[in-house]
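Q: Here it is, the structure in full.
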Amino acid sequence: MDPPPGAPTSPYFAVAKSESAGRGVFATCDIPAGTHVFTANDLTAHVIQREYRREVCALCFAYDRGKNLKQRDALRGFAFCTPACEQAWKSQDGVTLRAWAAVERLVRARSREDAELVDADAARPGGAEIKAAWHGVRNQALLVREARTGMSTKMHRKAVQQAISNPVSADTLPLQLSAVLHRYRSSAVWSAVLALASNARPYNSTEELRSHVNSYLHLLAVLPEELLEVTTAETVLTVLTRDSHNSFGIRSLEDDGAEFFGYGVWPSASYFNHSCAPNVLKQRVGSTWVFTTERDVEAGSELCITYLSGEERALSRNGRMTRLKKAWGFECACERCADI
């Protein structure tokens, strides 16, 4: 069977069906401890939280213990650790640069509204609620799209004004924009995103659902016209339903990940399943993930990483199970959890 689009390839492993987790990565030979088996460099949709934008390099995610970085792109609201990183980031195509500038202008033009506190035990929106929310803005989205391509009736102008007057989410907008840009630039990247496992209920709250719908309308209202064709509800919904259970946290490196800056989707990395007793260590190097065996692995064994952060790995079995169920939607059946 051919591997899914975007699946990782290596002389050490192959992607195959996993009994407990859909698809996984399995050793095709005996692998000694300390072997570099894969590097994931296919970052697609991602976001660095607004509060960290001055401290984290927009290109390589470098971080210096909370210090503001000196290299700044005020037009787009990003910071960089070196002039080389800034130059490399700005070497992207003009549509991309104009898109980020448009979103930054929108965020700065509006007073940022604090997100409502969400009850951790609140019910996640179901399929019917999600469908209704997106269906409810379909006509407005059509009017905004028509207004951007030349229609200028009172109804069209009102639709655009209503769109940009919605509360702005400075963290949801970049996530959606990065997805739109990757779909615009590469059909192969988009095929890799589509091949990932999907979560039909990705929203943690009704407020989060509303934020994503509003952000979609914001993008339609301000992005360059070249991007309108791929700025669709399907684009942003697809990324969120894949991001929900496939994203990797972007954390500080020198303190066991104590600072959480944001998250992103590396499609190839998503094929490594979880174990609370992992045999593979994942390490972020810049904007890539490097996978190295932590101990000897026999041919046929599944290569697993841990989805838990440093502090979470020390939790009790019940604590780990609760965390994994809440954040990732599965009940862990690894050897450590089974060994009661």
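Q: Across region 9-52, what is the number of residues that are of a type in the set (Lys, Arg) and closer than 30 Å to Trp100 by Cα? Walk me through it before giving the result.
A: Here is the first cut: in region 9-52, the residues of a type in the set (Lys, Arg) are 17, 23, 50.
Applying the additional criterion that residues be closer than 30 Å to Trp100 by Cα yields 50.
Of the residues in that region, 1 qualify.
Q: Working carefully through the options Ala21, Ala27, Ala62, Ala84, find the one that is farther than 25 Å from Gly257 by Cα and in the same structural domain as Leu240 (by the TED database).
A: Answer to the selection: Ala84.
Q: For residues that are part of a helix (DSSP H, G or I) and of a type in the set (D, E, K, R), scanning just region 235-254, find the one that is most open to solvent (accessible area, probe 1.4 Å). Outline the logic, then answer.
A: Here is the first cut: in region 235-254, the residues part of a helix (DSSP H, G or I) are 235-246.
Cutting the leftovers down to of a type in the set (D, E, K, R) gives us 242-243.
On the way: Arg242: 41, Asp243: 12 Å².
That would be Arg242.
Q: In region 2-40, what count of residues is obtained for those that are in a loop (DSSP other than H, G, I, E, B) and at positive phi? Can you show your working first?
A: As a first pass, look at region 2-40 and keep what is in a loop (DSSP other than H, G, I, E, B): 2-9, 11-12, 19-21, 28-30, 32-35.
Right, trim to at positive phi and you get 6, 34.
Final tally of qualifying residues: 2.
Q: Still on this structure, please answer the following. On the basis of being open to solvent by 40 Å² or more (accessible area, probe 1.4 Å), of a type in the set (Asp, Glu), assigned by the TED database to the domain that holds Ala192 and in a helix (DSSP H, G or I), does Glu51 make the cut? First the steps, then the outcome.
A: Working: open to solvent by 40 Å² or more (accessible area, probe 1.4 Å): yes; of a type in the set (Asp, Glu): yes; assigned by the TED database to the domain that holds Ala192: yes; in a helix (DSSP H, G or I): yes.
Spelling it out, Glu51 is indeed open to solvent by 40 Å² or more (accessible area, probe 1.4 Å), of a type in the set (Asp, Glu), assigned by the TED database to the domain that holds Ala192 and in a helix (DSSP H, G or I).
Q: Residue check, Asn273 against (1) surrounded by fewer than 13 Cβ atoms within 10 Å (Cβ to Cβ); (2) touching a Ser or Thr at 6+ places or on another chain (Cβ under 7 Å), all met but one. Which one?
A: Here Asn273 clears every test but (1).
Q: Could you tell me which residue of region 292-340 is surrounded by the most Cβ atoms within 10 Å (Cβ to Cβ), considering only residues that are modelled with pLDDT of 95 or more and not in a loop (DSSP other than H, G, I, E, B)?
A: Val297
Q: Does any residue of region 78-93 turn out to be in contact with a strand residue (DSSP E or B) (Cβ under 8 Å, 6 or more places away or on another chain), closer than 23 Å to Leu240 by Cβ and surrounded by fewer than 20 Cβ atoms within 10 Å (Cβ to Cβ)?
A: no
Q: Among the residues of region 116-149, which ones are modelled with pLDDT under 95 and either open to solvent by 90 Å² or more (accessible area, probe 1.4 Å) or assigned to a helix (DSSP H, G or I) (or both)?
A: Once the filter is applied, which keeps residues that are modelled with pLDDT under 95 and either open to solvent by 90 Å² or more (accessible area, probe 1.4 Å) or assigned to a helix (DSSP H, G or I) (or both), region 116-149 yields Glu116, Leu117, Asp119, Asp121, Gly127, Thr149.
Q: Could you look through region 168-210, keep only residues that are free of Cβ contacts under 8 Å to residues at least 24 places away in the same chain and assigned to a helix (DSSP H, G or I), and pick out the one that is surrounded by the most Cβ atoms within 10 Å (Cβ to Cβ)? Write out each step before concluding.
A: As a first pass, look at region 168-210 and keep what is free of Cβ contacts under 8 Å to residues at least 24 places away in the same chain: 186-187, 190.
Adding the requirement that they be assigned to a helix (DSSP H, G or I) leaves 187, 190.
On the way: Ser187: 10, Trp190: 22.
Going through the qualifying residues, I end up with Trp190.
Q: Considering Leu43, Leu75, Leu59, which residue is among the hydrophobic types (A, V, I, L, M, F, W, C) and open to solvent by 80 Å² or more (accessible area, probe 1.4 Å)?
A: Working: Leu43 fails: open to solvent by 80 Å² or more (accessible area, probe 1.4 Å); Leu59 fails: open to solvent by 80 Å² or more (accessible area, probe 1.4 Å).
It is Leu75.
Q: Okay, moving on. Taking Val285, is it on the phi < 0 side of the Ramachandran plot, in contact with a Phe, Trp or Tyr (Cβ under 8 Å, 6 or more places away or on another chain) and of a type in the set (A, V, I, L, M)? Lay out the reasoning, then the answer.
A: Details: on the phi < 0 side of the Ramachandran plot: yes; in contact with a Phe, Trp or Tyr (Cβ under 8 Å, 6 or more places away or on another chain): no; of a type in the set (A, V, I, L, M): yes.
Answer is no for this residue.
Q: Okay, moving on. For region 216-234, does any single residue satisfy the condition of being more than 17 Å from the chain's Cα centre (by Cα), surrounded by fewer than 17 Cβ atoms within 10 Å (Cβ to Cβ) and either on the phi > 0 side of the Ramachandran plot or assigned to a helix (DSSP H, G or I) (or both)?
A: Looking through region 216-234, at least one residue is more than 17 Å from the chain's Cα centre (by Cα), surrounded by fewer than 17 Cβ atoms within 10 Å (Cβ to Cβ) and either on the phi > 0 side of the Ramachandran plot or assigned to a helix (DSSP H, G or I) (or both).
Q: Looking at Leu308, is it within 18 Å of Asp243 (Cα to Cα), among the aliphatic types (A, V, I, L, M) and touching a residue at least 24 places away in the same chain (Cβ under 8 Å)?
A: Details: within 18 Å of Asp243 (Cα to Cα): yes; among the aliphatic types (A, V, I, L, M): yes; touching a residue at least 24 places away in the same chain (Cβ under 8 Å): yes.
Answer is yes for this residue.
Q: Looking at Leu43, Leu69 in this structure, which one is more than 22 Å from Thr241 (Cα to Cα) and either among the hydroxyl-bearing types (Ser, Thr, Tyr) or outside any strand (DSSP E or B) (or both)? Reasoning before the result, please.
A: Numbers: Leu43 fails: more than 22 Å from Thr241 (Cα to Cα).
The conditions single out Leu69.
Q: Could you check region 75-115 and list, in sequence order, the residues that are polar (S, T, N, Q) and either modelled with pLDDT under 95 or over 21 Å from the mean Cα position of the chain (by Cα) (or both)? It would help to see each step written out before you state the result.
A: Here is the first cut: in region 75-115, the residues polar (S, T, N, Q) are 82, 87, 91-92, 96, 111.
Matches in region 75-115: Thr82, Gln87, Ser91, Ser111.
Q: Within the bounds of region 205-217, is there any residue that is at pLDDT below 95, touching a strand residue (DSSP E or B) at 6+ places or on another chain (Cβ under 7 Å) and of a type outside the set (Phe, Trp, Tyr)?
A: No, region 205-217 has no match at all.
The values are calculated or read from the model by the stated rules, or taken from the named source; none is laboratory data. It should be emphasised that the depicted structure is a prediction, and the values quoted were computed from it without experimental measurement. Virtual Cβ from ideal backbone geometry, glycine too; neighbours counted across all protein chains shown. Only protein heavy atoms, including side chains, enter the accessible area calculation; ligands, DNA and RNA are left aside. Shrake-Rupley method; radii C 1.70, N 1.55, O 1.52, S 1.80 Å.
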